[in-house]
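*Asks:* Take this structure, written in structure tokens, and hold onto it; I'll ask about it next.
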Amino acid sequence: MTQLRFDGDQGDMIIDLYDNRLAALLAWLWPGAGHFYQRRFAKGFLFMLCILGTFLMGLRIGSGRVVYASLKSEDFRWQYFCQAAIGIPALPALVQSISIRNGGDPIWVMCERYPAGHRVDGRLVEYSRIDGEQSGSVPGSLKDGFMAPPSGKIDLDKSDVLGMWHIELGNWFEIGTFYTVIAGLLNLLAIYDAFAGPVILTKIIDPFGET
């Protein structure tokens with residue numbers, strides 16, 4: 001059990017961090033959970049509301065596509081390492097990445113796309129978005145999944161699914177990514193606070209040396 005003691009004008013202030021390593025783990029798994037464990041409820045609610053709110057807003061702006069895990073050289077998603085700092089809310093991206101690793105379909109499919117070269121009524125279409133629930137599954141279609149990497153081959157010189165995401169979302173793709181990355185980085189500060197406790201300034205020294 002870890003306790004912090006701060007000297008103040010009104011007497012000593014003691015903050016009980018309990019098991020600070022467990023608190024840090026809980027703070028990573030769910031924003032604010034480590035502070036709830038430490039009975040620091042005000043901070044717990046504040047971190048949970050602000051950090052989760054920022055993450056969910058970014059996810060909504062990016063239509064559920066801006067958080068995904070990919071280690072492919074042509075689409076290395078370094079942003080996910082920041083997003084993963086938020087813990088469980090970013091975990092579906094890992095599940096989806098494993099699900100499609102060997103050519104499988106995402107678990108949570110949002111829509112399907114006709115592959116390049118597909119013809120509808122004799123007309124050639126390329127990655128046209130379709131609603132799987134209304135149109136039914138199309139053989140060989142590319143499926144967009146919630147927090148799943150873009151399906152199909154990534155070719156930056158051609159029209160691929162990732163390119164279609166950018167075309168459909170425009171600047172909102174980058175804005176949504178920014179929000180979710182910031183949320184993860186903010187949770188790193190919350191994890192540190194759960195592990196090491198708050199930084200409290202007990203004395204102020206002015207430029208003239210007076211306290």
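The values are calculated or read from the model by the stated rules, or taken from the named source; none is laboratory data. Worth saying up front: this structure is predicted, and the values here are computed from it rather than measured. Ideal geometry is used to build each Cβ from the backbone, glycine not excepted, and the neighbour counts take in all protein chains shown.
So that you can scan it fast, the table gives a plain yes or no per residue for (1) over 30 Å from GLY140 (Cβ atoms); (2) surrounded by 18 or more Cβ atoms within 10 Å (Cβ to Cβ); (3) in contact with a Gly (Cβ under 6 Å, 6 or more places away or on another chain):
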{"position": "TRP28", "(1), (2), (3)": "yes, yes, yes"}
{"position": "LEU56", "(1), (2), (3)": "yes, no, no"}
{"position": "TYR68", "(1), (2), (3)": "no, yes, no"}
{"position": "VAL95", "(1), (2), (3)": "no, no, no"}
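*Asks:* Among the residues of segment 75-112, write down those that are on the phi > 0 side of the Ramachandran plot and modelled with pLDDT of 95 or more.
*Replies:* The answer is GLY87, and nothing else.
*Asks:* Can LYS153 be described as surrounded by fewer than 17 Cβ atoms within 10 Å (Cβ to Cβ), part of a loop (DSSP other than H, G, I, E, B) and modelled with pLDDT of 80 or more?
*Replies:* Against the criterion (surrounded by fewer than 17 Cβ atoms within 10 Å (Cβ to Cβ), part of a loop (DSSP other than H, G, I, E, B) and modelled with pLDDT of 80 or more), LYS153 qualifies.
Let's see how each residue does on (1) closer than 29 Å to LEU25 by Cα; (2) polar (S, T, N, Q); (3) more than 13 Å from the chain's Cα centre (by Cα); (4) assigned to a helix (DSSP H, G or I):
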position	(1), (2), (3), (4)
PHE55	yes, no, no, yes
ALA69	yes, no, no, no
PRO92	yes, no, no, yes
ASN102	no, yes, yes, no
ILE107	yes, no, yes, no
ALA116	no, no, yes, no
ARG119	no, no, yes, no
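*Asks:* Cβ-Cβ under 9 Å, sequence separation 6+ or interchain: first residue in segment 75-95 and under 18 Å from GLY34 (Cα atoms), partner in a helix (DSSP H, G or I) and of a type in the set (Ser, Thr, Tyr). Which pairs?
*Replies:* ILE86/THR180; ALA90/TYR80; ALA90/THR180
*Asks:* Any residue that is modelled with pLDDT under 95, assigned to a loop (DSSP other than H, G, I, E, B) and touching a helix residue (DSSP H, G or I) at 6+ places or on another chain (Cβ under 8 Å) - is there at least one of those in segment 156-176? Working first, answer last.
*Replies:* Narrowing segment 156-176 to residues modelled with pLDDT under 95: 156-170.
Next cut, assigned to a loop (DSSP other than H, G, I, E, B) only: 156-160, 170.
Remaining after also requiring touching a helix residue (DSSP H, G or I) at 6+ places or on another chain (Cβ under 8 Å): 156.
Checked segment 156-176: at least one residue is modelled with pLDDT under 95, assigned to a loop (DSSP other than H, G, I, E, B) and touching a helix residue (DSSP H, G or I) at 6+ places or on another chain (Cβ under 8 Å).
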